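Would you mind keeping the following structure in view while I ask a few things?
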Amino acid sequence: MEKKLYLYAARDIETGKLASDLTNPKKKFWHRKSAAIEAINKSNSSPYRHRGKVELVTFALTEVPNESNN
């Protein structure tokens, strides 16, 4: 049975680059959609924002077999 896994990220609307410092300087992805949305909403509504508006991006993960076992 194939289980669908997703990662969520924030992308700068103007540049198209992923934002990596919304909640932590090294944090770029979230496992929970609600956590990503919360970070994006806080970033977009902050008067101290140092970047443009960001939007939610969803990545669907596909597991591939380990090539070292072949």
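Taking percent of Cα pairs over 17 Å apart straight from the coordinates, which label in [x] 47; [y] 36; [z] 69 is the correct one?
[x]
With a 1.4 Å probe and every protein chain kept in, tell me what percent of the accessible surface of the chain is carbon plus sulfur. Please list the in-between numbers first.
Details: 2950 of 5910 Å².
Using a 1.4 Å probe with all protein chains present, the chain comes out at 50 percent carbon and sulfur.
Compute the long axis of helix 33-45 from its Cα atoms, compare it with the longest principal axis of the Cα atoms of the chain, and write down the angle in degrees, 0 to 90, nearest 10.
Tilt of helix 33-45: around 20 degrees.
Excluding residues on the same chain fewer than 8 positions from Lys26, give the lysines whose Cα lies under 23 Å from its Cα.
Excluding near neighbours in sequence, the set is Lys17, Lys42, Lys53.
Can you sort Asp12, Asp21 by 1.4 Å-probe accessible area, starting with the largest?
Values: Asp12 25, Asp21 80 Å².
Result, largest first: Asp21, Asp12.
Mean residue ellipticity at 222 nm from the helices of the chain, using -39,500 (n - 2.57) per DSSP H segment of n ≥ 4 over the full residue count, to the nearest 500 deg cm²/dmol?
Details: 1 runs with 13 residues, N = 70.
Here the helix-only value at 222 nm equals -6000 deg cm²/dmol.
The values are calculated or read from the model by the stated rules, or taken from the named source; none is laboratory data. Please read these numbers as outputs of a predicted model, since none were measured by experiment. Accessible surface is based on the protein model in full, side chains and every heavy atom, while ligands, DNA and RNA are left aside. Shrake-Rupley method; radii C 1.70, N 1.55, O 1.52, S 1.80 Å.
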